[in-house]
Amino acid sequence: MDRTQMLLAVAIGLFSLGLLGVIVRRNVLVMLMCMELMLNGVNLSLVTFAQQTATTAGAVLVFLTFVVATAEIALAIPIVLLLVRDKRTLDLDAYSDLKG
Amino acid sequence: MPGVLTAIVLLPLLGFLLNGVLATQLGGNVAGKRFVTAVGCGLPLLAFALAIKSVLDLQAGGYVPLVETAYRWALIGRSSFDVAFYFDRLTAIMVLVVTGVGSVIHIYSVGYMAHDKSFGRFFAYLNLFLFFMLLLVLGRSLLVLFVGWEGVGLASYLLIGFWFDDLANARAGKKAFITNRVGDAGFLLGMFVLYQAFGTLDMDRINAAFGVGAAAVVPATLVGVLLFIGATGKSAQIPLHVWLPDAMAGPTPVSALIHAATMVTAGVYLVARMSGVYLQAPEASMLIAVIGVATAFFAATIAITQTDIKKVLAYSTISQLGFMFLALGVGAYGVAIFHLVTHAFFKACLFLGAGSVIHALSGEQDMRKMGGLARKIPVTFVTFAVATAAIAGIPPLAGFFSKDEILWYAFASTQGGSPLLWLVAAATALMTAFYMFRLLWLTFLGNSRVDPEVEHHVHESPLSMTGVLVLLAVLSAVGGFIAVPHFLAPQLPLPAVHEELEHFETPLLVLSVVLALVGLAAAAFVFGGPPARAEGLRRRFAGLHRLLTGKYFIDELYERLIGEPLVWVSDRVFLRLGDRRILDGTLDGMAALGRRGGALLGRVQTGSLHLYAWFVALGIVGALLWSWHHV
């Protein structure tokens, strides 16, 4: 198993861990953190492929992902704060007001 | 260039606008009765004066038709549609009758409608009618004529339903309008055919085109029949005559002006105006003659048994219009116009006289509740008697001359005259004399059958009404000496007569006088004698009497054949199937589909974010698997 394969395996592991966390955990903050984990997995795969093909596009895209992730979390945290102020809980099951 | 002719047409319109805005609810009734009278009567009189001036101009110009283009209506490609006015001998007579008789009826209305709360509205409508009627007779193009044609229909509708509080009046107005639409469809088709063939609707050009053998382009018979269908609607001929008797729901001056003297003669004018077409269409002319004489005959039979004074006059009008069409059908166009003129005089006089009677009797119209009025309202009686004698054809009054000429040409014209037509027409003339003198007897002579309560108030009408009656009675008496056919002859030549029949002229003349006198004598015998005599007659012919009082049950027949199927189709097909089932059903179905689909899909929205995340994950996996297999 060479280095590239190992790095990709780690990336898949990170991503799967994050996805699993989003699906099974009920705490909103934890779910957000899991989403960051998924992003990191993707970033890792991006830089791996960039190195393998000796291009810079992948590495540049990682910086874009960082910026977007920062902006996203900067919006998500206040939303979570507002939700918590409304319902006094971080449990996701409490937030089902739009249920059809 | 707009000039006198345009002014003749526009003056009544101005009257309509002034009275319609200032003297009705619309403008808050700011104008008083004096203003309404001055505007409503003054402008038609002015139009009459201008009409006389135009006739003098026409004479001075050697009878070359005056043409005025007032306005270019539309320019489509190379065809231009102008509002142009055309003034020749025929127009001259029509305009003089319309403005002249129209003006005196306006004056009469001042007295008749004095106590009506919608005085201003009435005069506004009357002026509107006059405007459209003048547009009709002055228009050079069939299109302008048609605008006038529809406009007088509108005015007629408004005036029949003038007292619309009573539902029956409103219904009568509707009936008149709808019946006319049937005829108008024919008229429109005729116009389409003509336009397609000639690219113009100017009537003088169309006549000229037919004169030089345009029959190859479009069959004259087709055009003739289509236009005649229009005429049957407006002029109340079989089978579209049913609206006119009901139109008597309007105020009596309206009946005199619109439903006797002017509007209903528009069909006669149309056929005379398009004589160039009919000269080339012997089949259409024969149809006109047959319809005319049949209408004259059947309407006269109905008139014999009617008891409402205005209904008798209405059927008499239909009958006389039938005479005019008979004359048109045998090619005697000038004679038809002659009868139109004399009929305008005596029928206006009769209607206005009837109005005076109704006025005197506080609204009573049933002849069974009249009688012996001669001494109480003498002016009305004398004028009415003169007009009755005129319509009955007693010499030397107006009706004698015109009717006799119609009978003569029906007998001897080379363009379709036949002894059979004469026979039916002569029988009609006899009945005319009979029912008119019956009317005179039941109303004015014999013993009074008036309610004592009403009798108390019987009074002669004011001068504005009696003066008009006297004027019209004088015209009815001497109108026959106006040589209308002679005046029109250069434009509408009289048909040739069969030479071998010429020696019949004097005997037939004597015979028609005898017929009128026989009618008079019969009416005097039946209705002048004891009431039992008329009663016995009625009992002997009970079945016939029922048929006639029921007006041959044509209204009922139309109701069965047209009205009820139409209601059935409208209700079952259009309302229940089309509207409710198909239209509403489609929309309801679409709404239900949306609602059910929404309910079904709404179940997916559980509100659980985890489930959504699962779906997303499954989606991703599915997409990956798919791309694995396909890339």
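All of the numbers you see were taken from the coordinates with simple rules; none came from a lab. It should be emphasised that the depicted structure is a prediction, and the values quoted were computed from it without experimental measurement. Note that we place each Cβ from the backbone using ideal geometry, even for glycine, and neighbour counts take in every protein chain shown.
What do you get when you divide the Cα radius of gyration of the range B:357-406 by 2.2 N^0.38 Å, with N the number of residues? Don't skip to the end; give the middle numbers.
Values: Rg = 13.7 Å, N = 50, 2.2 N^0.38 = 9.7 Å.
Output field value: 1.41.
Among the lysines, select those whose C-alpha is under 30 Å from the C-alpha of A:LYS87, and discard any that sit fewer than 8 residues away in the same chain.
Those lysines meeting the cut-off are A:LYS99.
Relative to the first principal axis of the alpha-carbon coordinates of chain B, what is the inclination of helix B:609-630, with its axis defined by its Cα atoms, in degrees from 0 to 90 and to the nearest 10?
For B:609-630 against chain B, the angle is about 80 degrees.
How big is D, in µm² s⁻¹, for the protein assembly as shown by Stokes-Einstein at 25 °C and 0.890 mPa s if Rh is the Kirkwood radius over C-alpha pairs? Don't skip to the answer; put the middle values down first.
Working: Rh = 31.1 Å.
Here the translational diffusion coefficient equals 79 µm²/s.
Give me the angle, in degrees from 0 to 90, between the Cα long axis of helix B:463-478 and the longest principal axis of the Cα atoms of chain B, rounded to the nearest 10.
70
What shape does chain B take by its C-alpha gyration tensor, where a ≥ b ≥ c are the square roots of the eigenvalues and a/c under 1.5 counts as rounded, a/b above b/c as prolate, and the rest as oblate? If you can, show how the numbers build up before the last one.
Working: a/c = 1.95, a/b = 1.66, b/c = 1.17.
Here chain B falls in the prolate category.
Please give the helix B:89-112 orientation as an angle from the longest Cα principal axis of chain B, in degrees from 0 to 90, rounded to the nearest 10.
90
With a Förster radius of 45 Å, plug the Cβ-Cβ distance of B:LEU624 and B:ARG581 into 1/(1 + (r/R0)^6) and report the FRET value to the nearest 0.05. Walk me through the intermediate numbers first.
Numbers: r = 51 Å, r/R0 = 1.13.
Computed FRET efficiency for B:LEU624 and B:ARG581 comes out at 0.30.
What is the gain in length, in nm to one decimal, between B:LEU509 and B:THR414 on full extension, counting 0.36 nm per residue of separation less the C-alpha to C-alpha distance? Could you put the intermediate results ahead of the total?
Values: separation 95, 0.36 × 95 = 34.20 nm, distance 1.89 nm.
Answer, rounded to one decimal: 32.3 nm.
Going by a ≥ b ≥ c, the root eigenvalues of the Cα gyration tensor, does the range B:412-500 fall in the rounded group (a/c under 1.5), the prolate group (a/b larger than b/c) or the oblate group? The partial results should precede the final answer.
Working: a/c = 5.32, a/b = 1.87, b/c = 2.85.
Oblate, because a/c is 1.5 or more while a/b does not exceed b/c.
Most exposed first by the Cβ proxy, i.e. fewest other Cβ within 10 Å, how do B:LEU46, B:LEU423 rank?
By the 10 Å Cβ count, ascending, the order reads B:LEU423, B:LEU46.
Tell me what chain B gives for mean residue ellipticity at 222 nm when only DSSP H runs of n ≥ 4 count, each as -39,500 (n - 2.57), the sum divided by the residue total, rounded to 500 deg cm²/dmol. Could the numbers behind the result be given before it?
Numbers: 28 runs with 434 residues, N = 631.
Result for chain B: -22500 deg cm²/dmol, rounded to the nearest 500.
Compare A:LEU61, A:LEU83, A:LEU75 in a GNM of chain A, Cα atoms joined below 10 Å, and give the one with the largest fluctuation.
A:LEU75
Of the cross-linked pairs B:LYS33/B:LYS310; B:LYS311/B:LYS403; B:LYS234/B:LYS310; B:LYS33/B:LYS311; B:LYS175/B:LYS347, which ones have a Cα-Cα span greater than 26 Å in the structure shown?
Details: B:LYS33/B:LYS310 28 Å; B:LYS311/B:LYS403 22 Å; B:LYS234/B:LYS310 19 Å; B:LYS33/B:LYS311 31 Å; B:LYS175/B:LYS347 23 Å.
Beyond 26 Å between Cα atoms: B:LYS33/B:LYS310; B:LYS33/B:LYS311.
When a footprinting reagent is the concern and you count Cβ atoms within 10 Å, what order do B:GLU500, B:GLU564 take, fewest first? Don't skip to the end; give the middle numbers.
Working: B:GLU500 8, B:GLU564 11.
In order of increasing Cβ crowding within 10 Å: B:GLU500, B:GLU564.
Between B:ALA208 and B:ILE554, what is 0.36 nm times their sequence separation minus the Cα-Cα distance? Round to one decimal in nm. Please report the intermediate quantities before stating the final value.
Details: separation 346, 0.36 × 346 = 124.56 nm, distance 4.01 nm.
Difference between extended and current length: 120.6 nm.
Let me know the charge dipole size of the range B:159-204 about its Cα centre in debye, to the nearest 20, where only the beta-carbon of Lys, Arg (+1) and Asp, Glu (-1) is charged. Intermediate results must be reported in sequence, preceding the final value.
Details: 4 positive and 5 negative charges, 56 e Å.
Rounded to the nearest 20 debye, it is 260 debye.
Starting at the first residue of the range B:244-254, write each ³J(HN,Hα) from the Karplus equation 6.51 cos²θ - 1.76 cosθ + 1.60 with θ = phi - 60°, in whole Hz, x for Gly and Pro.
5, x, 5, 5, 5, 5, x, x, 4, x, 5
Over the whole of A:13-25, what's the average partner chain Cβ count within 10 Å per residue? Rounded to a whole number, please. Mind showing how you got there, number by number?
Values: counts 0, 0, 0, 1, 0, 0, 5, 2, 1, 7, 8, 3, 1.
Average per residue, whole number: 2.
Report the charge-dipole magnitude of the range B:1-135 in Debye, nearest 20, computed about the Cα centre from +1 at each Lys and Arg Cβ and -1 at each Asp and Glu Cβ.
Numbers: 8 positive and 5 negative charges, 58 e Å.
Dipole of the range B:1-135, to the nearest 20 debye: 280 debye.
Run the dipole for chain B about the Cα centre, Lys and Arg Cβ at +1, Asp and Glu Cβ at -1, nothing else charged, and hand back the magnitude in debye, nearest 20. Provide the component values of the computation, followed by the final result.
Values: 40 positive and 35 negative charges, 281 e Å.
Charge dipole of chain B: 1340 debye, to the nearest 20.
For B:TRP73, which sequence-distant residues (separation of 5 or more, or a different chain) have an amide H within less than 5 Å of its own amide H, given hydrogens modelled in the peptide plane?
For B:TRP73, the qualifying residues are B:PHE81, B:ASP82, B:VAL83.
Relative contact order of chain A: what whole-number percent is it, with Cα pairs under 8 angstrom and at least 6 residues apart? Mind showing how you got there, number by number?
Details: 81 pairs, mean separation 27.9, N = 100.
This gives 28 percent for chain A.
Once the dipole of chain B is set up with Lys and Arg at +1 and Asp and Glu at -1 on Cβ about the Cα centre, which of B:THR91, B:ALA74, B:PRO396 lies farthest towards its positive end?
Positive-end residue among those listed: B:ALA74.
Can you pull the one-decimal nm distance between simple spin-label points at B:ARG595 and A:GLN52, each 7 Å off the Cα toward Cβ?
For B:ARG595 paired with A:GLN52, the spin-label model returns 5.7 nm.
Between the range B:555-631 and the range B:390-469, how many Å separate their Cα centres?
Computed from Cα coordinates, the inter-centre distance equals 70 Å.
Fully extended, how many nm does the chain gain between B:LEU188 and B:PHE481 (0.36 nm per residue separation, minus their Cα-Cα distance)?
Working: separation 293, 0.36 × 293 = 105.48 nm, distance 3.77 nm.
101.7 nm is the gain from fully extending B:LEU188 to B:PHE481.
Once you sort the root eigenvalues of the Cα gyration tensor of the range B:256-354 as a ≥ b ≥ c, which label holds: rounded (a/c under 1.5), prolate (a/b larger than b/c) or oblate (the other case)? Don't skip to the answer; put the middle values down first.
Working: a/c = 3.01, a/b = 1.65, b/c = 1.82.
It comes out oblate by the Cα gyration axes.
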